[in-house]
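Here is the structure we will look at, set down as structure tokens.
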Amino acid sequence: MTGEELTPWLIKFAYERAAFPMTMDDGLVEWFQPHRRALLPIEGIHVSHSLRKVIKNEKFEIKFDSAFEQVMRRCLRPTENWISEDFIRVYTQIHHDGWGHCSECWLNGELVGGVYGIALGSCFCAESMFHTKTDASKVALWALVNKCRELGFQIFDAQILTPHLQSLGAYEVPHRTYLRMLNSSLLEKTAWSRK
């Protein structure tokens, strides 16, 4: 699928086969299917003592789906960036179609953290997150996992394990295991899933 124009249909086709896209340095989109898939426990992320205090104090106002494109744009990085304008266009379309969602942290009317992803069946595929204030992305992720659990999701896909995700409770499963879990989850629907 290298070089194909990104469309909602293509995104759905790929994700249902456990693949996801990334923009390369040359601007072309490549598709990845890692041998091991990172998942976050749908029961909830690991919450440290300090993070628990931030959540309890309600420092951030948590919203869902009020600033999807803004969250995506804030996830852009100065270097090693895999999100392109094409990504922003197609995932924003997916959001308008009802199966792209985000969790946001606001502070004094300013967006300071967020996570976005897509919902297929009872699998939520998280894409990227950002923060401009300490703990804002963690609180957004905590809220998003909890929201997904409440809505009946069975899987919270984090794609590739990083030390940061591991500290929040992420773990890996072999590709074959993930594919089996995914196929089962695609038989179910949630209020956030693709219709």
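The values are calculated or read from the model by the stated rules, or taken from the named source; none is laboratory data. Everything numeric in this text was worked out from a predicted model, so none of it was measured. Neighbour counts are summed over all protein chains in view; Cβ atoms, including those assigned to glycine, are modelled from backbone coordinates with ideal geometry.
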Which number in (1) touching a His at 6+ places or on another chain (Cβ under 8 Å); (2) part of a helix (DSSP H, G or I) marks the one condition that residue 112 misses?
(2)
Which of the residues spanning the stretch 31-88 are closer than 16 Å to residue 104 by Cβ, among the aliphatic types (A, V, I, L, M) and over 17 Å from the mean Cα position of the chain (by Cα)?
54, 55
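Identify the residue in the stretch 41-63 that is in a loop (DSSP other than H, G, I, E, B) and of a type in the set (Gly, Ala, Ser) and, among all such residues, is nearest to residue 178 (Cα to Cα).
Top of the filtered list is 44.
Condition check ((1) among the basic types (Lys, Arg); (2) under 30 Å from residue 28 (Cβ atoms); (3) surrounded by 21 or more Cβ atoms within 10 Å (Cβ to Cβ)) across all residues:
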residue: 97; (1), (2), (3): no, yes, no
residue: 107; (1), (2), (3): no, no, no
residue: 119; (1), (2), (3): no, yes, yes
residue: 147; (1), (2), (3): yes, no, no
residue: 160; (1), (2), (3): no, yes, no
residue: 164; (1), (2), (3): no, yes, no
Based on what the data block shows, is residue 169 on the phi > 0 side of the Ramachandran plot, out of contact with any Phe, Trp or Tyr (no Cβ under 8 Å at 6 or more places or on another chain) and in contact (Cβ under 8 Å) with a residue 60 or more places away in the chain?
yes
Which of the residues that make up the stretch 23-47 are crowded, with 16+ Cβ neighbours inside 10 Å and modelled with pLDDT under 90?
23, 29
Would you pick out the residues in the stretch 166-195 that are buried (at least 19 other Cβ atoms within 10 Å of the Cβ) and closer than 20 Å to residue 141 by Cα?
168, 170, 190, 192, 193
I need every pair where a residue in the stretch 130-143 that is within 13 Å of residue 56 (Cα to Cα) and touching a residue at least 60 places away in the same chain (Cβ under 8 Å) has its Cβ under 9 Å from the Cβ of a residue that is of a type in the set (S, T, N, Q) and not in a helix (DSSP H, G or I), sequence separation at least 6 or different chains.
139/103; 142/103; 143/103
If you go through the stretch 5-16 one residue at a time, how many are assigned to a loop (DSSP other than H, G, I, E, B) and surrounded by 13 or more Cβ atoms within 10 Å (Cβ to Cβ)?
3
Per-region count, the stretch 57-83, residues in contact (Cβ under 8 Å) with a residue 40 or more places away in the chain and under 13 Å from residue 127 (Cα atoms):
8
List the residue pairs whose Cβ atoms are under 6 Å apart, where the first residue sits in the stretch 103-124 and is closer than 14 Å to residue 135 by Cβ, the second is hydroxyl-bearing (Ser, Thr, Tyr), and the two are 6 or more positions apart or on different chains.
112/132; 113/137; 115/103
